Amino acid sequence: MMSSTRFWMIWSLALAVIMMLAAWAFSQWHLQQYNREISARLQLLNELRQGALQLYFGTAEAELRVWGSSPLILEAQSALTQEWSTGDSDALAEDIRRAYIEQNPHDTGKYSELFKADDSAYSIIHASLHDTARRFVTERGYYDFFLVGNDGYVYYSVEKEDDFATNLLNGPWRDSGLGKIYRRALDTAGAVVMGEMEAYGPSKGAPAMFTASTIRDSEGVTLGVLIFQLPTQTILNIMNYTSGMGETGETYLVGEDLLMRSNSRFSEESTVLKQTVDTRTVALALAGEEGVEYTSDYRGVEVLSSYDSIPVAQTKWAVMAEIDKAEVVALAARERPAISGALALLYGLSLWSIWYWRGRQMPQNGGELPPVDMGQSDFGDDGGGMGS
């Protein structure tokens, strides 16, 4: 028969293995549950970012429409068109650039502080418009505000950068984002159009976006184009909000050229239009799909990635929300209910049950005492009295 020691060793080891398998199975189940919870959070973050971006672009479109039909803008555009058509347009443009840029008494970057350069007809029109337009740009957070004529000349700009008073049809910035959006607006009269984010030379190569619409009088005649230069910082603020996203969670945007349209959380320098993101989930998002899965990100780190997209201008941006897999596993382990005490109790109860079961299976003798050997005693060989 099996010895008692060997019996208990086998059963103790078997129960220990069962308990370890149970602990592993519970951990895997809990990790799957936590993955689902984190996936839902990432999808919610994507939806919130998409909603904020759509609200931002929608607000810009609404404000552009309001300003495009404003009596102040219609009057100013009509007067500027008349002024530009009365003489040599190139000479007028040179005079205006000289007065508002080259001879501007304010420092570079503060040219908008000049309201009236001289007593010319252009400066009088400029002064009537500039205070309102400048306050609008400042208070609403836009970067710049342009009035462009049908002839391509930038009649008015709040900031007076190098694009001011140049021609967007044949001048140095005809192929820039400003030149592209101007021509698109003329080609789709009455509609609000938006351009892609790209580096813009007059703004020192900083990323820029433009939205535009034609200015039309009461008879529907196109007088020119009104253009807003959108502040990309607003987009960055929307995407770089990391509260409640742990140590490695981030949301970011990727264009169809696979370049970021927002900053990486893991870079101290701007990654806008610099960082390439050629990952499986970005490709799926740009293909119009949405979902959540584990994949390697642009850093080569395995992440849980939620992907979706948003239409922008004539293109599409991937909207990504991700968190490192290592952090997901660590958080799941940290939030997993303590089961060591329950397993120890179960282990003890199991051993006791085996002990109880084995005790009941052992042979019983009805409670009788074991027989006593009545052989030769110490007092004699016949058990009788003392010998004679």
Can you tell me which residues in the stretch 170-205 are touching a Lys or Arg at 6+ places or on another chain (Cβ under 8 Å) and on the phi > 0 side of the Ramachandran plot?
G190
Condition met for P71 (surrounded by fewer than 14 Cβ atoms within 10 Å (Cβ to Cβ) and out of contact with any Leu (no Cβ under 9 Å at 6 or more places or on another chain)):
yes
Only one of V312, V277 is modelled with pLDDT of 95 or more and not acidic (D, E); which?
V277
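Residues are listed down the side, and each one gets a yes or a no for (1) within 27 Å of E83 (Cβ to Cβ); (2) open to solvent by less than 20 Å² (accessible area, probe 1.4 Å):
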{"position": "K180", "(1), (2)": "yes, no"}
{"position": "G190", "(1), (2)": "yes, no"}
{"position": "M197", "(1), (2)": "no, yes"}
{"position": "A212", "(1), (2)": "yes, yes"}
Name the residue, out of Y100, Y142, that is in contact (Cβ under 8 Å) with a residue 60 or more places away in the chain, surrounded by 15 or more Cβ atoms within 10 Å (Cβ to Cβ) and touching a Lys or Arg at 6+ places or on another chain (Cβ under 6 Å).
Y100
Of everything in the stretch 234-269 that's touching a residue at least 60 places away in the same chain (Cβ under 8 Å) and over 14 Å from the mean Cα position of the chain (by Cα), which residue is surrounded by the most Cβ atoms within 10 Å (Cβ to Cβ)?
E256
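The values are calculated or read from the model by the stated rules, or taken from the named source; none is laboratory data. For clarity, every value in this text was computed on a predicted model and none was experimentally measured. A quick note on method: Cβ atoms are made from the backbone with ideal geometry, for glycine too, and the neighbour counts reach across all protein chains shown. These accessible areas exclude ligands, DNA and RNA; they are computed on the full protein's heavy atoms, side chains included. Shrake-Rupley method; radii C 1.70, N 1.55, O 1.52, S 1.80 Å.
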